[in-house]
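Working notes, beginning with the structure itself.
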Amino acid sequence: MNLFAVTDLAGSRVIRFPMSAELGEEVRVLFESQRDSFFLGVDEVIPFDGRYTPDESELLSIADFPDVDGLAAAVANPLAVDQFDPQNHSLDLVKALFVGVQSNGTTQILVQLFERRRLISRTLLSMFFSGDQFQKMTDSGLTFDKKLLAVLEGNVLKFHSFHFAKRVFELSEYYREATNEEVSSFAQHEKMSVEDINQFVLDAGPQTRKKISLILQSGVLDNYPIEHISAVANTMQLDLNLTGDGKITIPSNKTDLKKLLRFLDEDYYESPLSSTRYISNSKRVAD
């Protein structure tokens with residue numbers, strides 16, 4: 001069993017930890033047990049689109065995931081990976097731990113998130129109990145997490161939390177904020193009107209940019225006439241402020257802007273049973 005780390009080390013993005021045979025076997029058992037727990041009770045794997053928060057029985061996945069850090073290559077050829085050297089490699093820069101295991105003829109790469117609180121550092125006084133007394137620890141070390149962050153199978157990355165997965169993997173292209181150009185394009189859309197485009201772009205924060213990105217991806221402004229958009233807004237008791245030529249005025253008030261962006265991203269819905277109106281912060285297309 002080989003144990004690897006994904007790091008922020010320049011020139012050594014992936015490193016390998018040398019282990020005794022006995023420790024390697026314990027690491028294998030630990031990771032395989034966490035792999036079984038990771039998939040336990042999962043009955044559906046849902047393609048990630050940035051709009052849906054999975055239940056406990058669901059996982060998110062990204063197909064054709066680019067393994068830019070070379071996790072699969074490290075597992076396939078471990079001797080080609082730089083071995084951990086405390087003179088050259090700092091455990092402070094470790095972001096994740098991973099191993100490769102076989103399952104039904106397929107290589108699974110099991111990934112744990114590594115946080116600094118799991119680091120045993122020589123910079124602080126640490127001790128361990130041996131025999132009948134505590135002794136000072138003179139070397140650096142680390143402890144393992146109790147669960148997996150993600151599993152990479154072939155070119156499919158599976159995970160439960162995007163928030164934690166993005167701390168290890170570069171996932172910005174899958175759920176990203178709109179650029180200045182895209183924010184400007186949204187504000188200048190033929191169905192939208194804003195008093196000061198430059199100021200709107202300047203004021204657009206991360207959440208506003210994420211919503212604009214999703215709205216532009218959905219094509220809702222291109223696919224529906226303003227009459228339809230306005231009529232649906234009325235059913236949600238949301239008053240759109242239209243200009244004389246029928247454009248939607250983008251509010252300068254942050255609360256009203258948030259409501260408008262939620263509406264355009266279809267976060268509002270009405271219960272078919274009670275006709276109660278709700279706001280959703282997680283959604284996927286129903287079968």
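Quick one: is GLN87 modelled with pLDDT of 80 or more, in the same structural domain as GLY70 (by TED's automatic domain parsing) and in a strand (DSSP E or B)?
So GLN87 does not fit the description; no.
Under 17 Å from LEU157 (Cα atoms), in the same structural domain as HIS160 (by TED's automatic domain parsing) and free of Cβ contacts under 8 Å to residues at least 12 places away in the same chain: is that true of ASP69 in this structure? Talk me through it step by step, then tell me what you get.
Details: under 17 Å from LEU157 (Cα atoms): yes; in the same structural domain as HIS160 (by TED's automatic domain parsing): yes; free of Cβ contacts under 8 Å to residues at least 12 places away in the same chain: no.
No: the conditions fail for ASP69.
Within the range 152-171, does at least one residue satisfy the condition of being farther than 19 Å from PHE4 by Cβ, over 14 Å from the mean Cα position of the chain (by Cα), assigned to a loop (DSSP other than H, G, I, E, B) and at pLDDT 75 or above?
Taking every residue of the range 152-171 in turn, none turns out to be farther than 19 Å from PHE4 by Cβ, over 14 Å from the mean Cα position of the chain (by Cα), assigned to a loop (DSSP other than H, G, I, E, B) and at pLDDT 75 or above.
From the set of residues in the range 79-113 that are hydrophobic (A, V, I, L, M, F, W, C) and in contact with an Asp or Glu (Cβ under 7 Å, 6 or more places away or on another chain), which is nearest to LEU149 (Cα to Cα)?
Among residues in the range 79-113 that are hydrophobic (A, V, I, L, M, F, W, C) and in contact with an Asp or Glu (Cβ under 7 Å, 6 or more places away or on another chain), the one nearest to LEU149 (Cα to Cα) is LEU113.
Say whether the condition of being over 30 Å from LEU93 (Cα atoms) and in the same structural domain as LYS158 (by TED's automatic domain parsing) is met by at least one residue in the range 2-25. Working first, answer last.
Start the filter on the range 2-25 by keeping residues that are over 30 Å from LEU93 (Cα atoms), which leaves none.
Within the range 2-25, none of the residues are over 30 Å from LEU93 (Cα atoms) and in the same structural domain as LYS158 (by TED's automatic domain parsing).
Return the residue satisfying two criteria in turn: it lies in the range 107-132 and is of a type in the set (Val, Ile, Thr) and modelled with pLDDT of 75 or more, and of such residues it is farthest from LEU30 (Cα to Cα).
Taking the candidates together, the pick is THR107.
Return the only residue of ASN234, ASN155, ASN223, ASN198 being outside the structural domain of ARG262 (by TED's automatic domain parsing) and either polar (S, T, N, Q) or over 25 Å from ASP49 (Cβ atoms) (or both).
Numbers: ASN234 fails: outside the structural domain of ARG262 (by TED's automatic domain parsing); ASN223 fails: outside the structural domain of ARG262 (by TED's automatic domain parsing); ASN198 fails: outside the structural domain of ARG262 (by TED's automatic domain parsing).
Residue meeting the stated conditions: ASN155.
Which ones in the range 186-211 are part of a helix (DSSP H, G or I) and of a type in the set (D, E, K, R)?
Hits for the range 186-211 are ASP203, ARG209, LYS210, LYS211.
So which residues in the range 17-37 are in a helix (DSSP H, G or I), of a type in the set (Gly, Ala, Ser) and more than 22 Å from PHE159 (Cβ to Cβ)?
ALA21, GLY24
Six or more apart or on different chains, Cβ atoms under 7 Å: show the pairs whose first residue is in the range 75-94 and in contact (Cβ under 8 Å) with a residue 60 or more places away in the chain and whose second is in a helix (DSSP H, G or I) and surrounded by 15 or more Cβ atoms within 10 Å (Cβ to Cβ).
VAL81/ALA74
Just one of ALA178, ALA233 is in contact with a helix residue (DSSP H, G or I) (Cβ under 8 Å, 6 or more places away or on another chain), of a type in the set (Gly, Ala, Ser), crowded, with 16+ Cβ neighbours inside 10 Å and assigned to a loop (DSSP other than H, G, I, E, B); which is it? Write out each step before concluding.
Details: ALA233 fails: assigned to a loop (DSSP other than H, G, I, E, B).
After applying the criteria, what remains is ALA178.
Give the residue, chosen from LEU71, LEU59, that is within 20 Å of the chain's Cα centre (by Cα) and within 19 Å of PHE114 (Cβ to Cβ).
After ruling out the rest, the residue left standing is LEU71.
When you go through (1) touching a helix residue (DSSP H, G or I) at 6+ places or on another chain (Cβ under 7 Å); (2) crowded, with 16+ Cβ neighbours inside 10 Å one by one for GLY50, which number turns out not to apply?
In the conditions (1) touching a helix residue (DSSP H, G or I) at 6+ places or on another chain (Cβ under 7 Å); (2) crowded, with 16+ Cβ neighbours inside 10 Å, GLY50 misses (2) alone.
If you scan the range 236-262, which residues turn out to be of a type in the set (Gly, Ala, Ser) and either under 32 Å from the mean Cα position of the chain (by Cα) or surrounded by fewer than 12 Cβ atoms within 10 Å (Cβ to Cβ) (or both)?
At the first step, the residues of the range 236-262 found to be of a type in the set (Gly, Ala, Ser) are 244, 246, 252.
Across the range 236-262, the qualifying residues are GLY244, SER252.
The values are calculated or read from the model by the stated rules, or taken from the named source; none is laboratory data. This structure is a prediction, so every number in the text was calculated from the model and none was measured. Here the Cβ is made from the backbone with ideal geometry for all residues, glycine too, and neighbour counts use every protein chain on show.
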